[in-house]
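Nothing in this text is a laboratory measurement; each read-out follows from the coordinates by a stated rule. This one's a predicted model, so the numbers in the text were calculated from it and none came from an experiment. All Cβ positions, glycine included, derive from the backbone under ideal geometry; neighbour counts span all protein chains shown.
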Amino acid sequence: YPPNLQMEENSCLRQAKCRAKGGAAGFKVAILGAAGGIGQPLAMLMKINPLVSVLHLYDVVNTPGVTADISHMDTGAVVRGFLGQPQLENALTGMDLVIIPAGVPRKPGMTRDDLFNINAGIVRTLCEGIAKCCPNATVNLISNPVNSTVPIAAEVFKKAGTYDPKKLLGVTMLDVVRANTFVAEVLGLDPRDVDVPVVGGHAGVTILPLLSQVKPPCSFTQEETEYLTNRIQNGGTEVVEAKAGAGSATLSMAYAAVKFADACLRGLRGDAGVVECAFVASQVTELPFFASKVRLGRQGAEEIFQLGPLNEYERIGLEKAKKELAGSIQKGISFSKK
Ligand code: NAI
């Protein structure tokens, strides 16, 4: 599918010509896990993104339906669907950005680490495909546990000889999105005017909001600090429990993933001053991977910012985060070396 390939190719050519006339830059983006709870709204939002010229939707189930549906939207990106492992290479060839929300989500009572056994293998297979078919692509990794799947992806790319640490980014944007929302609520501000750096990793105590560095500058009581830190760290669990067995955050995650992917694409285009938090290979701490603010450019995460001054509460949080993070990173590396 689509049933008439020639017709599709003609339509792609026509659309490409129109775009060339308009002088618009366009990037080729693949979503792996595109038929899932995150994948579908993410695909819809990427179809709307004016920086995307080609959108490849890959999954092991249901991509024909999702692709047919989304392809009817009258926006610029040309959409193509790919179903199952035999079509993975075609899905990936020529891509500039690959977004990965493939894998199982949490159910109530589960930690992100409980997903490791299934998702580690999925991420490994998909990254082997990326190393082979689009080794220069920027990768946005959403599949949990991000603290372990990013080290797994790094090992796959190292083994293939294609590893560029600047181009492998674990997506922690949802933690920032939640932090902006919850902090804005407490301050009585519009969340769009609030910027909260969230560093560390993407699970429980490894999610470390730096409330002392919130913009606009403000201060919190100890009670507010504890309430906000706890709510930001457990935002994912709040959604898992509310969905009561029907999965984890999908809609807010798709929003966050698009916000992050859009920043990556603006960086690739050469825009100046694009800065977001992400979980990347890092020298900010003694750990090999850490989430902090990064500047996104043509090469990916071109600059990784230091944490800046922390208060006592944050320093204690940082030690806790590093302890847990070290184990999760090692678990990912060990899995890849098996
Ligand atoms: P879902 O189960 O609704 O969708 C996952 C999709 O992945 C399904 O369509 C499934 O067919 C597909 N899939 C499974 N194996 C695959 C393979 N080998 N190749 C390609 N696709 C494959 O799950 P949902 O809710 O979309 O979550 C996806 C992942 O994102 C989970 O691991 C979840 O924990 C994670 N997540 C990450 C967040 C973050 O902040 N980084 C936030 C929320 C979820």
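Just a few scattered comments:
- Computed from backbone phi with θ = phi - 60° and the Karplus coefficients 6.51, -1.76 and 1.60, the 3J(HN,Hα) list for the range 141-149 is 9, 9, 4, 8, x, 3, 4, 10, 6 Hz; x is used for glycine and proline.
- Crossing angle, helix 222-233 versus the chain [Cα axis fit, 0-90 degrees, rounded to tens]: 30
- VAL275 long-range amide H proximity, modeled H, under 5 Å: LEU296
- Label separation (MET110 vs GLU286): 3.4 nm, computed from points 7 Å beyond Cα along the C-beta direction.
- Contour excess over end-to-end distance, with Cα ends at THR93 and LYS159 and 0.36 nm allotted per residue: 21.8 nm
- Straight-distance candidates among the aspartates and glutamates for linking to LYS337, with alpha-carbon spacing under 18 Å and chain neighbours fewer than 8 residues away dropped: GLU128, GLU155.
- Relative to the longest principal axis of the Cα atoms of the chain, the long axis of helix 39-48 makes an angle of roughly 70 degrees.
- Taken one residue at a time, the phi angles of the range 200-205 give Karplus couplings (6.51, -1.76, 1.60, θ = phi - 60°) of x, x, 10, 5, x, 5 Hz. Gly and Pro are set to x.
- Kirkwood hydrodynamic radius of the range 32-104, Cα pairs, Å: 11.9
- Qualifying GluC sites (Glu not before Pro) in the range 255-320, DSSP loop, other Cβ atoms within 10 Å at most 16: GLU286
- Think of each Lys and Arg Cβ as +1 and each Asp and Glu Cβ as -1; about the Cα centre, that makes the dipole of the chain roughly 980 debye.
- Sorting the segments 221-231, 157-167, 178-188 by their residues' average number of neighbouring beta-carbon atoms within 10 angstrom, most packed first, yields 178-188, 157-167, 221-231.
- FRET efficiency, ALA244 to VAL275 (Cβ-Cβ, R0 30 Å, nearest 0.05): 0.20
- Remark: the range 124-256 carries a charge dipole of roughly 740 debye about the Cα centre, counting +1 on each Lys and Arg Cβ and -1 on each Asp and Glu Cβ.
- Distant-in-sequence amide H partners of ILE207 (H built 1.01 Å from N, under 5 Å): GLY201
- Value at 222 nm in deg cm²/dmol, rounded to 500, when DSSP H runs of n ≥ 4 in the chain each add -39,500 (n - 2.57): -15000 deg cm²/dmol
- Karplus-derived HN-Hα couplings along the range 262-276 (A = 6.51, B = -1.76, C = 1.60, θ = phi - 60°), whole Hz, x at Gly and Pro: 4, 5, 4, 5, 5, x, 4, 6, x, 4, 8, x, 8, 10, 9
- Hits among aspartates and glutamates - C-alpha to C-alpha of LYS28 under 18 Å, sequence gap 8 or more where chains match: GLU8, GLU9, ASP59, ASP74, GLU89, ASP96, ASP262, ASP271
- Residues whose amide H comes within less than 5 Å of that of ASP195, counting only those at least five positions distant or on another chain, are LYS215 (H built at 1.01 Å from N in the peptide plane).
- Fully extended contour minus Cα-Cα distance, from LYS259 to SER334, at 0.36 nm per residue: 23.8 nm
- Cross-linked pairs LYS167/LYS215; LYS107/LYS293; LYS166/LYS331; LYS107/LYS331: Cα-Cα separations exceed 24 Å for LYS167/LYS215; LYS107/LYS293.
- Rg over Rh [alpha-carbon atoms, Kirkwood Rh] for the chain: 0.97
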